[in-house]
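Enquirer: To start, I am sharing the structure in question, which I have written as structure tokens.
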Amino acid sequence: VADLILRYPPRAVRSRVHVAPGSLSQVGAFVLRASGARRVVVVTDRRVAGLYLARVRRSLRAAGVMVDAVVVPSGERAKSPARLAALWDAFAGFGLGRRDAVVALGGGVVGDLAGFAAATWLRGVPWIVVPTTLLAQVDSSVGGKTAVDLAAGKNLSGAFHQPAGVLVDPETLDTLPRWQRRAGLAEVVKMGMAIDASLFRWAETQAEGLARGQTDALAGAVTRSIRAKARVVLADEREETGARTALNYGHTLGHALEAARGYRGLLHGEAVALGMRVAASLSERLAGLSPESRARQDALLDRLGLPRRLPPVPIARVIEAMAHDKKRDARGVRWVLTPRIGHASVPRLIQHGLVTAACREVGARV
Ligand SMILES: NC(=O)c1ccc[n+]([C@@H]2O[C@H](COP(=O)([O-])OP(=O)(O)OC[C@H]3O[C@@H](n4cnc5c(N)ncnc54)[C@H](O)[C@@H]3O)[C@@H](O)[C@H]2O)c1
Ligand SMILES: [Zn+2]
């Protein structure tokens, strides 16, 4: 169980964070405490609605909060401008006002979509996230990034909008398919490698429980990851000074792999795990990461059941996809490397030849 208040000075913005098994049944009281809203629109996806919407409604009503709900299809396709516009229309129909709030119940897709809708409705209304995937619990719910995808690329249109509250019930992970849970663990390893050595060491001691999906271990990973991410986000909320870019460790290649595979057949976390293996190889060669530290990262990924070898995608296609990443630089592709566990550096330009060699080491074919 953890309670945190994240403050974002100089603005009066703060996010209340509560992590506790079983807390889904207290969402009503939490919404009141975090936002004071007396009426909310819950945005969720079809799958999560079937599992948890009734409980969430009941808790909100019991706390005296009026509830409307919008259910979107499950999956990345819901993160579209058309769905965003449909949410605005629904908010208009419900008469959602400035003192009301949006509740995002679901994974990162629902969080990004509903958060962006809240950021833009009436130029910004409060929102509360109730993340139900491990990826959303350890990573996407904290930090205030919201977005939809465009044909030209993922997350191209979006806003920074800090949630008033983040309520995490790790028991919701019991219904998450095992491969989804495993993919979320990649982001935990990322937090450790990029920004928090003690989180990394802790994960090494808990690898079996994490791999099996034990609630205690997952709750610990969520709390530690949120604390670590919050520290970095508070230092660099809008990704201006560079501190926050450390969180992109493993993502340069990860995003490119996802794009090269047309976002099918490879989960985000799986792509990031492979991206970290390649990033560690480059870090060893170019940033002074010790071979022992690289081996510890790879061994932890192995124990968590994350993929070891790049899928059969031509390297040229992956490099091409990297060049389209929105974090590219005029001169080429930037990588976040780490000289030590927990201390990822600001990104630096890496020649394609070196990337190709590192990808070969992780099993890529030409
Ligand atoms: N805003 C950020 O900072 C940030 C960070 C990382 C990722 N993201 C975004 O997050 C998205 C991916 O999020 P995701 O991996 O959570 O995907 P998702 O939201 O699509 O959820 C994955 C699947 O799991 C189902 N599901 C959710 N909770 C469940 C539960 N408790 N039990 C059973 N099924 C459940 C969903 O219906 C969906 O089919 C991407 O769009 C990515 O861009 C955002
Ligand atoms: Zn990620």
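Enquirer: Probe of 1.4 angstrom, ligands and nucleic acids ignored: what's the accessible area per residue over the chain, in square angstrom?
Expert: 41 Å²
Enquirer: Where does each of 5-17, 336-348 land if you order them by average Cβ count within 10 Å, highest first?
Expert: 336-348, 5-17
Enquirer: Still on this structure, please answer the following. At a probe radius of 1.4 Å, what is the per-residue accessible area of residue 160, in Å² to the nearest 10?
Expert: Surface open to solvent at residue 160 totals about 70 Å².
Enquirer: Taking all pairs of distinct Cα atoms, average 1/r, flip it, and tell me the Kirkwood hydrodynamic radius of the stretch 239-328 in Å to one decimal place.
Expert: 13.7 Å
Enquirer: I would also like to ask the following. Put +1 on the Cβ of each Lys and Arg and -1 on the Cβ of each Asp and Glu in the stretch 9-104; which of 60, 9, 37 then has its Cα farthest toward the positive end of the dipole?
Expert: It is 9, whose Cα lies furthest towards the positive end.
Enquirer: Moving on. Given the whole protein assembly as supplied and a 1.4 Å probe, what does the accessible area of residue 268 come to in Å², nearest 10?
Expert: Around 50 Å² of this residue is reachable by solvent.
Enquirer: So, one more: Might you work out the accessible area of residue 66 for me, using a 1.4 Å probe with all protein chains in place, and round it to the nearest 10 Å²?
Expert: Accessible area of residue 66: about 110 Å².
Enquirer: Which order do 309, 99, 296 take when ranked by solvent-accessible area (1.4 Å probe, heavy atoms of all protein chains), largest first?
Expert: Reading off the accessible areas and sorting them downward yields 99, 309, 296.
Enquirer: Along the charge dipole of the stretch 247-366, pointing to its positive end and built from +1/-1 on Cβ of Lys, Arg, Asp and Glu, which listed residue (336, 289, 259) has its Cα farthest out?
Expert: It is 259, whose Cα lies furthest towards the positive end.
Enquirer: Straight-line reach from residue 145: which aspartates and glutamates fall under 18 Å, measuring Cα to Cα and dropping same-chain residues less than 8 apart?
Expert: 76, 112, 187, 236, 237, 239, 240, 325
Enquirer: Going by accessible area, probe 1.4 Å, with all protein chains left in place, what is the ranking of 261, 294, 38, largest first?
Expert: Result, largest first: 38, 261, 294.
Enquirer: Further, regarding this structure: Restricted to Cα positions, what overall size does the stretch 178-255 have along the principal axes? Three whole-Å values, descending.
Expert: Extents along the principal axes: 38, 24, 17 Å.
Enquirer: Among 90, 357, 109, whose Cα sits farthest toward the positive end of the charge dipole of the chain (+1 at Cβ of Lys/Arg, -1 at Cβ of Asp/Glu, about the Cα centre)?
Expert: Going by the charge dipole, the pick is 90.
Enquirer: Hey, what number do you get for the chain at 222 nm if only DSSP H runs of n ≥ 4 count, each worth -39500 (n - 2.57), divided across all residues, to the nearest 500?
Expert: -14000 deg cm²/dmol
Enquirer: Moving on to the next point. What is the Å³ per residue value for the convex hull set by the Cα atoms of the stretch 176-218?
Expert: Enclosed volume per residue, from the Cα hull, is 57 Å³.
Enquirer: Hey, another quick one. State the percentage of accessible surface on the chain attributable to carbon and sulfur atoms; use a 1.4 Å probe and exclude ligands, DNA and RNA.
Expert: 51 percent
Enquirer: State to the nearest 20 debye the size of the charge dipole of the stretch 207-293 about its Cα centre, where the only charges are +1 on K and R beta carbons and -1 on D and E beta carbons.
Expert: 120 debye
Enquirer: If you don't mind, there's one more thing I want to ask. So how strong a dipole does the stretch 239-349 carry about its Cα centre when Lys and Arg Cβ are +1 and Asp and Glu Cβ are -1, to the nearest 20 debye?
Expert: Here the stretch 239-349 has a charge dipole of around 120 debye.
Enquirer: Another question, if that's okay. Can you compute the charge dipole magnitude of the chain about its Cα centre, using +1 on each Lys and Arg Cβ and -1 on each Asp and Glu Cβ, nothing else charged? Give it in debye, rounded to the nearest 20.
Expert: Approximately 340 debye in magnitude.
Enquirer: I need two numbers for the chain: Rg to one decimal and Dmax as a whole number, Cα atoms only, in Å.
Expert: Rg then Dmax for the chain, in Å: 19.8, 61.
Enquirer: Can you give the three extents of the C-alpha atoms in the stretch 1-115 along their principal axes, from longest to shortest, in whole Å?
Expert: Extents along the principal axes: 35, 34, 26 Å.
Enquirer: Using only the heavy atoms of the protein chains and a 1.4 Å probe, how would 352, 255 rank by accessible area, largest first?
Expert: 352, 255
The values are calculated or read from the model by the stated rules, or taken from the named source; none is laboratory data. This structure is a prediction, so every number in the text was calculated from the model and none was measured. Neighbour counts run over all protein chains shown; Cβ positions are idealised from the backbone, glycine included. Surface accessibility is based on the protein's heavy atoms, side chains included, excluding ligands, DNA and RNA. Shrake-Rupley method; radii C 1.70, N 1.55, O 1.52, S 1.80 Å.
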